[in-house]
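The values are calculated or read from the model by the stated rules, or taken from the named source; none is laboratory data. Keep in mind that this is a model prediction, so the values were computed, not measured. Because the Cβ atoms are built from the backbone with ideal geometry, glycine has one as well, and the counts that use them run over all protein chains shown. Side chains included, ligands, DNA and RNA excluded: accessible areas come from the protein's heavy atoms. Shrake-Rupley method; radii C 1.70, N 1.55, O 1.52, S 1.80 Å.
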Amino acid sequence: MAQKTKNNLPSADASAEVVTHIGPGTRVVGRLAGQEDLRVHGTIEGTVRLGATLFVEPEGVILAEVHAHDVVVSGTVVGNLHADNAIVLTASARVVGDLRSPRISVEPGAAFRGAISMDPPDVEALEATAAASRGYGASRASAPTVRSGAISERPTNGDTRRAAPAPVRQQQQAPSVRLPPRRAQAFTAAPGRAPAPFTSPTGNSWAPREPQNFTPREPVRPALRPAFEEKTIIVQHPAIRSSDDRSRRRAEALPPADHLDPSEQTEGGVANVPRKKVRPKPLARGKHKVERVD
Amino acid sequence: MATTVIGSSIVIDGEISGEEHLVVHGTVKGRINVRDSLVVENGGLVEATVETSSITVNGTVNGDISASERAELRPNSTVVGDIRAPRILIADGASFKGTVDMGG
Amino acid sequence: MATAVSNPSTTMSGNPSTPCNIGPRIAIRGNITGEEDLIIEGRVEGSIALSGHLAVAQAAVIEADLEVDSVDVHGQLDGDIVAVTTITLHEGSRVVGNLRAPRIVITDGAQFKGTVEMDVPLPASVTRQQRR
(Lines give C-alpha, C1' and ligand atoms only; values in the text may rest on other atoms or scores of the structure.)
Protein backbone atom coordinates (compact mmCIF):
# COMPACT_ATOMS: atom_id res chain seq x y z
CA MET A 1 0.00 0.00 0.00
CA ALA A 2 1.26 3.45 -0.73
CA GLN A 3 3.12 5.24 1.97
CA LYS A 4 1.01 7.85 3.73
CA THR A 5 2.12 11.18 5.10
CA LYS A 6 1.50 12.10 8.67
CA ASN A 7 -1.81 13.67 7.72
CA ASN A 8 -2.85 10.31 6.41
CA LEU A 9 -3.04 11.78 2.96
CA PRO A 10 -1.42 9.81 0.21
CA SER A 11 1.66 11.54 -0.97
CA ALA A 12 2.36 11.81 -4.61
CA ASP A 13 5.87 10.43 -4.52
CA ALA A 14 5.25 7.37 -2.43
CA SER A 15 6.58 4.22 -3.92
CA ALA A 16 4.03 1.51 -4.29
CA GLU A 17 5.04 -2.00 -3.51
CA VAL A 18 2.89 -3.52 -6.19
CA VAL A 19 3.76 -1.57 -9.23
CA THR A 20 0.90 -1.35 -11.63
CA HIS A 21 1.38 1.44 -14.00
CA ILE A 22 0.21 2.50 -17.38
CA GLY A 23 3.19 3.69 -19.37
CA PRO A 24 3.27 6.94 -21.28
CA GLY A 25 2.62 5.45 -24.65
CA THR A 26 -0.23 3.23 -23.56
CA ARG A 27 -3.88 3.96 -23.97
CA VAL A 28 -6.61 2.02 -22.24
CA VAL A 29 -10.15 2.46 -23.42
CA GLY A 30 -12.78 0.74 -21.42
CA ARG A 31 -13.41 -0.24 -17.84
CA LEU A 32 -10.58 -0.67 -15.43
CA ALA A 33 -11.11 -2.21 -12.03
CA GLY A 34 -8.69 -3.35 -9.39
CA GLN A 35 -7.61 -3.46 -5.80
CA GLU A 36 -4.09 -2.15 -5.97
CA ASP A 37 -2.41 1.17 -6.51
CA LEU A 38 -2.29 2.37 -10.05
CA ARG A 39 0.04 4.91 -11.55
CA VAL A 40 -1.06 6.36 -14.83
CA HIS A 41 1.47 7.89 -17.15
CA GLY A 42 -0.61 7.20 -20.21
CA THR A 43 -4.23 7.65 -21.11
CA ILE A 44 -7.29 6.00 -19.69
CA GLU A 45 -10.72 6.49 -21.15
CA GLY A 46 -13.87 5.07 -19.71
CA THR A 47 -14.32 4.23 -16.08
CA VAL A 48 -11.93 3.40 -13.31
CA ARG A 49 -12.89 1.58 -10.16
CA LEU A 50 -10.04 1.11 -7.78
CA GLY A 51 -10.02 -0.05 -4.21
CA ALA A 52 -6.69 1.66 -3.66
CA THR A 53 -4.88 4.80 -4.67
CA LEU A 54 -4.94 6.16 -8.18
CA PHE A 55 -1.93 8.25 -9.04
CA VAL A 56 -2.27 10.37 -12.11
CA GLU A 57 1.26 11.28 -13.08
CA PRO A 58 2.06 14.59 -14.75
CA GLU A 59 1.91 13.11 -18.21
CA GLY A 60 -1.11 10.99 -17.44
CA VAL A 61 -4.47 11.77 -18.92
CA ILE A 62 -7.68 10.36 -17.56
CA LEU A 63 -10.91 10.87 -19.42
CA ALA A 64 -13.02 8.77 -17.17
CA GLU A 65 -15.27 8.47 -14.19
CA VAL A 66 -13.04 7.50 -11.33
CA HIS A 67 -14.10 5.74 -8.16
CA ALA A 68 -11.15 5.02 -5.96
CA HIS A 69 -10.10 4.92 -2.36
CA ASP A 70 -7.68 7.78 -2.85
CA VAL A 71 -6.84 9.87 -5.84
CA VAL A 72 -3.66 11.86 -6.24
CA VAL A 73 -3.73 13.94 -9.37
CA SER A 74 -0.62 15.43 -10.86
CA GLY A 75 -1.78 15.25 -14.44
CA THR A 76 -4.88 15.84 -16.46
CA VAL A 77 -8.30 14.56 -15.58
CA VAL A 78 -11.50 15.23 -17.44
CA GLY A 79 -14.18 13.45 -15.54
CA ASN A 80 -15.64 13.12 -12.09
CA LEU A 81 -13.53 11.85 -9.25
CA HIS A 82 -15.05 9.99 -6.33
CA ALA A 83 -12.83 8.95 -3.49
CA ASP A 84 -13.57 7.14 -0.29
CA ASN A 85 -10.80 8.82 1.62
CA ALA A 86 -9.10 11.76 0.01
CA ILE A 87 -8.52 13.57 -3.23
CA VAL A 88 -5.31 15.51 -3.63
CA LEU A 89 -4.69 17.85 -6.54
CA THR A 90 -1.02 18.67 -6.69
CA ALA A 91 0.58 21.66 -8.30
CA SER A 92 0.59 20.21 -11.79
CA ALA A 93 -2.97 18.94 -11.69
CA ARG A 94 -5.42 19.97 -14.36
CA VAL A 95 -8.88 18.77 -13.53
CA VAL A 96 -12.22 19.43 -15.13
CA GLY A 97 -14.97 17.59 -13.36
CA ASP A 98 -16.56 17.14 -9.98
CA LEU A 99 -14.73 16.03 -6.90
CA ARG A 100 -16.49 14.04 -4.28
CA SER A 101 -14.63 12.87 -1.25
CA PRO A 102 -14.61 13.39 2.50
CA ARG A 103 -11.27 15.10 2.29
CA ILE A 104 -10.10 17.25 -0.52
CA SER A 105 -6.89 19.13 -0.84
CA VAL A 106 -6.17 21.53 -3.67
CA GLU A 107 -2.54 22.54 -3.59
CA PRO A 108 -1.29 25.87 -4.88
CA GLY A 109 -0.77 25.67 -8.59
CA ALA A 110 -3.51 23.19 -9.30
CA ALA A 111 -6.06 24.14 -11.90
CA PHE A 112 -9.54 22.89 -11.32
CA ARG A 113 -12.97 23.57 -12.54
CA GLY A 114 -16.01 21.83 -11.22
CA ALA A 115 -17.97 21.21 -8.09
CA ILE A 116 -16.62 19.98 -4.82
CA SER A 117 -18.78 17.96 -2.56
CA MET A 118 -17.52 16.53 0.69
CA ASP A 119 -19.09 13.84 2.75
CA PRO A 120 -22.81 14.54 2.52
CA PRO A 121 -23.90 13.79 6.08
CA ASP A 122 -21.25 16.10 7.51
CA VAL A 123 -22.21 18.92 5.24
CA GLU A 124 -25.89 18.45 5.96
CA ALA A 125 -25.30 18.63 9.68
CA LEU A 126 -22.99 21.57 9.17
CA GLU A 127 -25.55 23.56 7.26
CA ALA A 128 -28.35 22.65 9.65
CA THR A 129 -26.46 23.70 12.74
CA ALA A 130 -25.15 26.80 11.06
CA ALA A 131 -28.60 27.84 9.94
CA ALA A 132 -30.08 27.20 13.36
CA SER A 133 -27.48 29.40 14.99
CA ARG A 134 -28.22 32.29 12.71
CA GLY A 135 -31.66 33.29 13.86
CA TYR A 136 -31.98 36.32 11.67
CA GLY A 137 -30.24 34.89 8.69
CA ALA A 138 -33.21 32.78 7.79
CA SER A 139 -34.33 34.37 4.58
CA ARG A 140 -30.80 34.90 3.47
CA ALA A 141 -30.01 31.25 3.92
CA SER A 142 -32.73 30.31 1.52
CA ALA A 143 -30.93 32.10 -1.27
CA PRO A 144 -28.03 29.69 -1.49
CA THR A 145 -30.40 26.77 -1.76
CA VAL A 146 -32.01 28.35 -4.78
CA ARG A 147 -28.67 29.27 -6.21
CA SER A 148 -26.99 25.96 -5.76
CA GLY A 149 -29.91 24.19 -7.29
CA ALA A 150 -30.26 26.49 -10.22
CA ILE A 151 -26.69 26.85 -11.25
CA SER A 152 -25.84 23.30 -11.87
CA GLU A 153 -27.82 20.15 -11.63
CA ARG A 154 -25.39 17.47 -12.38
CA PRO A 155 -26.93 14.07 -12.26
CA THR A 156 -24.02 12.58 -10.37
CA ASN A 157 -24.10 15.10 -7.58
CA GLY A 158 -27.62 16.31 -7.87
CA ASP A 159 -28.99 14.08 -5.17
CA THR A 160 -26.20 15.00 -2.82
CA ARG A 161 -26.44 18.69 -3.24
CA ARG A 162 -30.17 18.94 -3.21
CA ALA A 163 -30.40 16.74 -0.20
CA ALA A 164 -28.20 19.09 1.79
CA PRO A 165 -30.19 22.26 1.30
CA ALA A 166 -33.55 20.53 1.79
CA PRO A 167 -33.36 20.19 5.57
CA VAL A 168 -32.07 23.73 5.80
CA ARG A 169 -35.03 25.04 3.87
CA GLN A 170 -37.52 23.23 6.07
CA GLN A 171 -35.88 24.67 9.12
CA GLN A 172 -36.11 28.17 7.80
CA GLN A 173 -39.76 28.04 6.89
CA ALA A 174 -40.87 26.88 10.31
CA PRO A 175 -39.95 29.96 12.38
CA SER A 176 -40.38 32.27 9.36
CA VAL A 177 -38.16 34.92 10.85
CA ARG A 178 -37.69 37.66 8.34
CA LEU A 179 -35.15 40.36 8.25
CA PRO A 180 -36.19 43.73 9.60
CA PRO A 181 -36.91 46.59 7.23
CA ARG A 182 -33.84 48.10 5.81
CA ARG A 183 -33.77 51.41 7.57
CA ALA A 184 -36.01 50.96 10.56
CA GLN A 185 -33.88 48.48 12.42
CA ALA A 186 -31.46 50.05 14.80
CA PHE A 187 -28.02 48.69 14.61
CA THR A 188 -27.35 46.18 17.32
CA ALA A 189 -23.98 44.85 18.28
CA ALA A 190 -25.32 41.71 19.90
CA PRO A 191 -25.38 39.13 17.20
CA GLY A 192 -27.57 36.63 18.99
CA ARG A 193 -30.70 38.71 19.16
CA ALA A 194 -33.32 37.94 16.58
CA PRO A 195 -35.21 40.99 15.36
CA ALA A 196 -38.97 41.39 15.48
CA PRO A 197 -40.62 39.30 12.85
CA PHE A 198 -41.33 41.32 9.78
CA THR A 199 -42.56 40.22 6.44
CA SER A 200 -41.35 42.50 3.73
CA PRO A 201 -43.66 42.96 0.79
CA THR A 202 -41.37 41.13 -1.54
CA GLY A 203 -41.11 38.32 0.96
CA ASN A 204 -37.36 38.64 1.05
CA SER A 205 -35.81 41.87 2.08
CA TRP A 206 -32.46 40.84 0.66
CA ALA A 207 -32.17 41.67 -2.94
CA PRO A 208 -33.20 38.44 -4.68
CA ARG A 209 -30.12 37.11 -6.23
CA GLU A 210 -30.57 35.81 -9.67
CA PRO A 211 -28.34 32.95 -10.64
CA GLN A 212 -25.02 34.45 -11.40
CA ASN A 213 -24.25 34.16 -15.06
CA PHE A 214 -20.52 33.91 -15.31
CA THR A 215 -19.96 34.97 -18.86
CA PRO A 216 -16.28 35.31 -19.63
CA ARG A 217 -15.15 38.83 -20.10
CA GLU A 218 -11.99 40.77 -19.59
CA PRO A 219 -10.16 40.45 -16.27
CA VAL A 220 -11.96 42.22 -13.52
CA ARG A 221 -11.03 44.46 -10.68
CA PRO A 222 -13.58 44.55 -7.90
CA ALA A 223 -15.64 47.71 -8.04
CA LEU A 224 -13.67 50.51 -6.49
CA ARG A 225 -16.68 52.73 -6.24
CA PRO A 226 -19.26 51.78 -3.69
CA ALA A 227 -21.96 49.57 -5.05
CA PHE A 228 -24.93 51.85 -5.30
CA GLU A 229 -27.63 49.87 -3.63
CA GLU A 230 -30.26 51.20 -1.35
CA LYS A 231 -28.62 49.80 1.74
CA THR A 232 -25.54 51.87 1.26
CA ILE A 233 -25.56 55.28 2.79
CA ILE A 234 -23.13 57.43 0.92
CA VAL A 235 -22.05 60.56 2.67
CA GLN A 236 -21.37 62.85 -0.18
CA HIS A 237 -21.25 66.52 -0.71
CA PRO A 238 -23.79 67.63 -3.30
CA ALA A 239 -21.08 69.43 -5.18
CA ILE A 240 -19.33 66.17 -5.94
CA ARG A 241 -20.54 64.81 -9.17
CA SER A 242 -20.21 61.18 -9.92
CA SER A 243 -21.77 58.95 -12.45
CA ASP A 244 -23.77 57.25 -9.74
CA ASP A 245 -25.44 60.56 -9.09
CA ARG A 246 -26.29 61.13 -12.70
CA SER A 247 -29.13 58.68 -12.97
CA ARG A 248 -30.49 59.71 -9.63
CA ARG A 249 -30.47 63.37 -10.51
CA ARG A 250 -32.03 62.74 -13.87
CA ALA A 251 -34.84 60.80 -12.31
CA GLU A 252 -35.59 63.45 -9.77
CA ALA A 253 -35.53 66.22 -12.38
CA LEU A 254 -34.39 68.79 -9.86
CA PRO A 255 -31.38 71.05 -10.06
CA PRO A 256 -28.58 69.70 -7.93
CA ALA A 257 -28.31 72.93 -5.95
CA ASP A 258 -31.61 72.19 -4.23
CA HIS A 259 -30.31 69.12 -2.47
CA LEU A 260 -29.36 70.62 0.83
CA ASP A 261 -29.31 67.45 2.82
CA PRO A 262 -27.39 64.94 0.82
CA SER A 263 -27.65 61.96 3.12
CA GLU A 264 -31.38 62.18 3.48
CA GLN A 265 -31.79 62.85 -0.19
CA THR A 266 -29.78 59.82 -1.01
CA GLU A 267 -32.07 57.56 0.92
CA GLY A 268 -35.20 59.14 -0.43
CA GLY A 269 -33.98 59.39 -3.93
CA VAL A 270 -32.80 55.90 -4.25
CA ALA A 271 -36.20 54.48 -3.68
CA ASN A 272 -37.45 56.12 -6.85
CA VAL A 273 -34.55 55.24 -9.03
CA PRO A 274 -34.38 51.85 -10.63
CA ARG A 275 -31.79 50.09 -8.62
CA LYS A 276 -28.49 49.70 -10.37
CA LYS A 277 -27.83 46.07 -10.35
CA VAL A 278 -24.18 45.57 -9.76
CA ARG A 279 -23.57 42.22 -11.26
CA PRO A 280 -20.22 40.90 -10.15
CA LYS A 281 -18.03 40.96 -13.16
CA PRO A 282 -16.77 37.48 -13.62
CA LEU A 283 -13.16 36.71 -13.86
CA ALA A 284 -12.08 34.89 -16.93
CA ARG A 285 -8.79 34.02 -18.44
CA GLY A 286 -8.60 32.15 -21.62
CA LYS A 287 -11.13 31.67 -24.27
CA HIS A 288 -12.95 28.53 -23.36
CA LYS A 289 -16.61 28.82 -22.70
CA VAL A 290 -18.12 28.06 -19.39
CA GLU A 291 -20.82 25.58 -20.01
CA ARG A 292 -23.26 24.45 -17.45
CA VAL A 293 -25.75 21.70 -17.90
CA ASP A 294 -28.84 23.02 -16.21
CA MET B 1 11.64 1.68 -23.23
CA ALA B 2 8.89 2.12 -20.71
CA THR B 3 6.74 -0.73 -19.60
CA THR B 4 3.13 -0.95 -18.75
CA VAL B 5 2.39 -3.39 -15.97
CA ILE B 6 -1.11 -4.55 -15.24
CA GLY B 7 -1.14 -5.82 -11.67
CA SER B 8 -2.69 -9.04 -10.54
CA SER B 9 -5.84 -7.53 -9.10
CA ILE B 10 -6.55 -5.29 -12.05
CA VAL B 11 -9.34 -6.14 -14.46
CA ILE B 12 -9.51 -4.20 -17.68
CA ASP B 13 -12.54 -4.52 -19.88
CA GLY B 14 -11.80 -2.66 -23.02
CA GLU B 15 -9.01 -1.92 -25.36
CA ILE B 16 -5.35 -1.43 -24.61
CA SER B 17 -3.21 0.16 -27.25
CA GLY B 18 0.28 1.41 -27.01
CA GLU B 19 3.81 1.38 -28.13
CA GLU B 20 5.46 -0.11 -25.12
CA HIS B 21 6.10 -3.39 -23.51
CA LEU B 22 3.04 -4.69 -21.79
CA VAL B 23 3.12 -7.11 -18.91
CA VAL B 24 -0.16 -8.54 -17.77
CA HIS B 25 -0.50 -10.06 -14.32
CA GLY B 26 -4.21 -9.41 -14.13
CA THR B 27 -7.15 -9.75 -16.45
CA VAL B 28 -7.70 -8.06 -19.76
CA LYS B 29 -10.80 -8.51 -21.83
CA GLY B 30 -11.29 -6.94 -25.18
CA ARG B 31 -8.45 -6.02 -27.45
CA ILE B 32 -4.75 -5.55 -27.04
CA ASN B 33 -2.73 -3.77 -29.65
CA VAL B 34 0.81 -3.03 -28.62
CA ARG B 35 3.62 -2.35 -30.95
CA ASP B 36 6.20 -3.81 -28.64
CA SER B 37 6.22 -7.08 -26.82
CA LEU B 38 3.47 -8.51 -24.70
CA VAL B 39 4.07 -10.82 -21.79
CA VAL B 40 1.19 -12.63 -20.11
CA GLU B 41 2.51 -13.64 -16.72
CA ASN B 42 1.54 -16.58 -14.66
CA GLY B 43 -1.87 -15.78 -13.27
CA GLY B 44 -2.64 -13.38 -16.03
CA LEU B 45 -5.72 -13.87 -18.11
CA VAL B 46 -6.20 -12.33 -21.50
CA GLU B 47 -9.52 -12.75 -23.20
CA ALA B 48 -8.83 -10.57 -26.10
CA THR B 49 -7.71 -10.28 -29.62
CA VAL B 50 -4.03 -9.61 -29.46
CA GLU B 51 -1.90 -7.78 -31.95
CA THR B 52 1.68 -7.34 -30.99
CA SER B 53 5.19 -7.76 -32.19
CA SER B 54 6.08 -10.61 -29.92
CA ILE B 55 4.11 -12.39 -27.29
CA THR B 56 5.22 -14.59 -24.42
CA VAL B 57 2.55 -16.47 -22.59
CA ASN B 58 2.93 -17.86 -19.10
CA GLY B 59 -0.70 -17.56 -18.19
CA THR B 60 -3.91 -17.91 -20.10
CA VAL B 61 -4.95 -16.43 -23.38
CA ASN B 62 -8.37 -16.92 -24.92
CA GLY B 63 -8.35 -15.15 -28.19
CA ASP B 64 -6.61 -14.81 -31.45
CA ILE B 65 -3.00 -13.80 -31.38
CA SER B 66 -1.29 -12.01 -34.19
CA ALA B 67 2.40 -11.43 -33.63
CA SER B 68 4.63 -9.85 -36.19
CA GLU B 69 7.81 -11.42 -34.88
CA ARG B 70 7.33 -14.39 -32.67
CA ALA B 71 4.96 -16.09 -30.33
CA GLU B 72 6.16 -18.17 -27.41
CA LEU B 73 4.03 -20.39 -25.24
CA ARG B 74 5.86 -21.28 -22.06
CA PRO B 75 5.16 -24.30 -19.90
CA ASN B 76 1.96 -24.06 -17.89
CA SER B 77 0.48 -21.68 -20.33
CA THR B 78 -2.93 -22.14 -21.84
CA VAL B 79 -3.90 -20.70 -25.16
CA VAL B 80 -7.20 -21.14 -26.90
CA GLY B 81 -7.33 -19.37 -30.19
CA ASP B 82 -5.58 -18.90 -33.46
CA ILE B 83 -1.96 -17.88 -33.56
CA ARG B 84 -0.47 -16.12 -36.48
CA ALA B 85 3.24 -15.43 -36.29
CA PRO B 86 6.31 -16.06 -38.38
CA ARG B 87 8.00 -17.90 -35.52
CA ILE B 88 6.23 -19.94 -32.93
CA LEU B 89 7.61 -21.76 -29.97
CA ILE B 90 5.33 -24.04 -27.99
CA ALA B 91 7.13 -25.42 -24.98
CA ASP B 92 6.54 -28.75 -23.40
CA GLY B 93 3.72 -28.48 -20.91
CA ALA B 94 1.88 -25.73 -22.67
CA SER B 95 -1.68 -26.42 -23.63
CA PHE B 96 -2.87 -25.01 -26.84
CA LYS B 97 -5.98 -25.35 -28.87
CA GLY B 98 -6.42 -23.56 -32.13
CA THR B 99 -4.87 -23.08 -35.48
CA VAL B 100 -1.38 -21.99 -36.28
CA ASP B 101 -0.50 -19.86 -39.20
CA MET B 102 3.14 -19.20 -39.87
CA GLY B 103 2.75 -18.10 -43.42
CA GLY B 104 3.94 -14.72 -44.57
CA MET C 1 -28.33 49.18 10.44
CA ALA C 2 -24.68 49.26 9.80
CA THR C 3 -23.30 51.83 7.50
CA ALA C 4 -20.64 51.07 5.04
CA VAL C 5 -18.84 54.24 4.26
CA SER C 6 -16.43 54.48 1.44
CA ASN C 7 -15.81 58.01 0.39
CA PRO C 8 -13.36 58.43 -2.43
CA SER C 9 -12.88 62.08 -1.70
CA THR C 10 -11.55 61.46 1.78
CA THR C 11 -7.96 60.42 1.98
CA MET C 12 -7.96 57.15 3.81
CA SER C 13 -4.95 56.64 5.95
CA GLY C 14 -4.39 53.35 4.19
CA ASN C 15 -1.93 52.34 6.82
CA PRO C 16 -1.00 48.77 6.01
CA SER C 17 0.27 48.02 9.49
CA THR C 18 -3.18 48.44 11.03
CA PRO C 19 -5.71 46.87 8.75
CA CYS C 20 -9.36 47.45 9.34
CA ASN C 21 -10.69 44.91 11.79
CA ILE C 22 -14.31 43.96 12.30
CA GLY C 23 -14.32 42.53 15.78
CA PRO C 24 -15.95 39.29 16.87
CA ARG C 25 -18.91 40.98 18.51
CA ILE C 26 -19.81 43.13 15.57
CA ALA C 27 -22.54 42.26 13.11
CA ILE C 28 -22.88 44.08 9.86
CA ARG C 29 -25.79 43.88 7.55
CA GLY C 30 -25.18 45.64 4.32
CA ASN C 31 -22.51 46.14 1.74
CA ILE C 32 -18.89 46.62 2.51
CA THR C 33 -16.65 48.19 -0.06
CA GLY C 34 -13.11 49.31 0.31
CA GLU C 35 -9.65 49.60 -1.07
CA GLU C 36 -7.54 48.23 1.72
CA ASP C 37 -7.04 45.02 3.60
CA LEU C 38 -9.80 43.86 5.88
CA ILE C 39 -10.02 41.35 8.69
CA ILE C 40 -13.42 40.08 9.63
CA GLU C 41 -13.95 38.34 12.94
CA GLY C 42 -17.63 39.02 13.37
CA ARG C 43 -20.69 38.50 11.27
CA VAL C 44 -21.35 40.06 7.94
CA GLU C 45 -24.45 39.70 5.83
CA GLY C 46 -24.70 41.32 2.50
CA SER C 47 -21.90 41.74 0.05
CA ILE C 48 -18.26 42.63 0.22
CA ALA C 49 -16.34 44.30 -2.55
CA LEU C 50 -12.74 44.89 -1.64
CA SER C 51 -9.75 45.71 -3.73
CA GLY C 52 -7.42 44.33 -1.15
CA HIS C 53 -6.85 41.26 0.93
CA LEU C 54 -9.68 39.89 3.03
CA ALA C 55 -9.02 37.67 6.00
CA VAL C 56 -11.93 35.75 7.47
CA ALA C 57 -11.05 34.74 11.00
CA GLN C 58 -12.03 31.48 12.62
CA ALA C 59 -14.91 32.98 14.53
CA ALA C 60 -16.30 34.87 11.60
CA VAL C 61 -19.60 34.05 9.98
CA ILE C 62 -20.10 35.63 6.62
CA GLU C 63 -23.18 35.39 4.48
CA ALA C 64 -22.13 37.50 1.62
CA ASP C 65 -20.79 37.40 -1.88
CA LEU C 66 -17.19 38.45 -2.04
CA GLU C 67 -15.39 40.33 -4.76
CA VAL C 68 -11.87 40.71 -3.54
CA ASP C 69 -8.27 40.68 -4.63
CA SER C 70 -7.47 37.72 -2.43
CA VAL C 71 -9.04 36.04 0.55
CA ASP C 72 -7.93 33.74 3.35
CA VAL C 73 -10.83 31.91 4.89
CA HIS C 74 -10.53 30.37 8.33
CA GLY C 75 -14.15 30.67 9.36
CA GLN C 76 -17.57 30.18 7.98
CA LEU C 77 -18.63 31.61 4.68
CA ASP C 78 -21.84 31.30 2.80
CA GLY C 79 -21.65 32.98 -0.55
CA ASP C 80 -19.76 33.20 -3.81
CA ILE C 81 -16.19 34.33 -3.94
CA VAL C 82 -14.66 36.06 -6.90
CA ALA C 83 -11.00 36.88 -6.42
CA VAL C 84 -8.43 38.50 -8.64
CA THR C 85 -5.47 36.53 -7.36
CA THR C 86 -5.96 33.78 -4.82
CA ILE C 87 -8.61 32.12 -2.72
CA THR C 88 -7.30 30.07 0.18
CA LEU C 89 -9.52 27.90 2.34
CA HIS C 90 -7.64 26.96 5.49
CA GLU C 91 -8.16 24.10 7.84
CA GLY C 92 -11.27 24.59 9.90
CA SER C 93 -13.01 26.75 7.35
CA ARG C 94 -16.49 25.93 6.22
CA VAL C 95 -17.47 27.39 2.93
CA VAL C 96 -20.63 26.95 0.91
CA GLY C 97 -20.65 28.73 -2.39
CA ASN C 98 -18.89 29.06 -5.71
CA LEU C 99 -15.25 30.02 -6.04
CA ARG C 100 -13.77 31.77 -8.99
CA ALA C 101 -10.15 32.85 -9.13
CA PRO C 102 -6.96 32.12 -11.02
CA ARG C 103 -5.51 30.35 -8.00
CA ILE C 104 -7.45 28.40 -5.47
CA VAL C 105 -5.95 26.51 -2.58
CA ILE C 106 -8.05 24.19 -0.46
CA THR C 107 -6.12 22.91 2.51
CA ASP C 108 -6.79 19.53 3.94
CA GLY C 109 -9.33 19.94 6.72
CA ALA C 110 -11.34 22.61 5.00
CA GLN C 111 -14.99 21.94 4.43
CA PHE C 112 -16.23 23.16 1.12
CA LYS C 113 -19.32 22.69 -0.92
CA GLY C 114 -19.82 24.32 -4.25
CA THR C 115 -18.20 24.78 -7.58
CA VAL C 116 -14.71 25.88 -8.37
CA GLU C 117 -13.75 27.78 -11.50
CA MET C 118 -10.18 28.27 -12.44
CA ASP C 119 -8.56 28.56 -15.76
CA VAL C 120 -7.64 25.00 -16.60
CA PRO C 121 -5.08 24.71 -19.38
CA LEU C 122 -5.74 21.32 -20.84
CA PRO C 123 -3.19 19.80 -23.18
CA ALA C 124 -4.11 19.96 -26.82
CA SER C 125 -4.24 16.20 -27.11
CA VAL C 126 -7.12 15.99 -24.72
CA THR C 127 -10.47 16.31 -26.42
CA ARG C 128 -12.55 18.26 -24.02
CA GLN C 129 -15.66 16.28 -23.37
CA GLN C 130 -17.94 18.01 -20.96
CA ARG C 131 -18.91 15.21 -18.72
CA ARG C 132 -21.28 17.29 -16.68
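Each Lys or Arg adds one and each Asp or Glu subtracts one; over the other residues with Cβ under 14 Å from the Cβ of residue B:63, this totals -2. The local environment of residue C:27, defined by Cβ-Cβ distances under 9 Å, has a net charge of +2 under the rule Lys, Arg +1 and Asp, Glu -1.
Summed over both chains, the contact between A and B buries some 1400 Å² of accessible surface at a probe radius of 1.4 Å.
When the alpha carbon gyration tensor of segment B:26-104 is reduced to an equivalent ellipsoid, its three semi-axes come out at 16, 15, 11 angstrom, largest first.
Per-residue SASA remark: residue B:11, around 60 Å² accessible (1.4 Å probe; ligands, DNA and RNA not included).
Close amide H pairs (under 5 Å, H built 1.01 Å from N) link residue C:52 with C:69, C:70, residues at least 5 positions away or on another chain.
Shielding value for B:15-28 is 5, the average number of Cβ atoms from other chains within 10 Å of each residue's Cβ.
Positive end of the dipole of segment C:34-90 (Cβ unit charges, origin at the Cα centre): among C:81, C:39, C:59, the Cα lying farthest that way belongs to C:59. Our coupling estimate for segment C:71-81, obtained by passing each phi through the Karplus curve with A = 6.51, B = -1.76, C = 1.60 and θ = phi - 60°, is 8, 10, 9, 10, x, 9, 9, 10, x, 7, 10 Hz, Gly and Pro reported as x. Figure legend: label point modelled 7 angstrom from the Cα of residue A:19 along Cα→Cβ; residues of segment A:55-73 with amide N under 19 Å from it are A:55-60.
Cβ under 13 Å from residue A:29's Cβ, residue A:29 left aside: what net charge do those residues give with Lys, Arg +1 and Asp, Glu -1?
+1
Amide H to amide H, with H built 1.01 Å from N, residue B:61 comes under 5 Å of B:46, B:78, B:79, B:80, counting only residues 5 or more places away or on other chains.
For the pair residue B:101 and residue B:62, the difference between a 0.36 nm per residue extended length and the Cα-Cα distance amounts to 12.4 nm.
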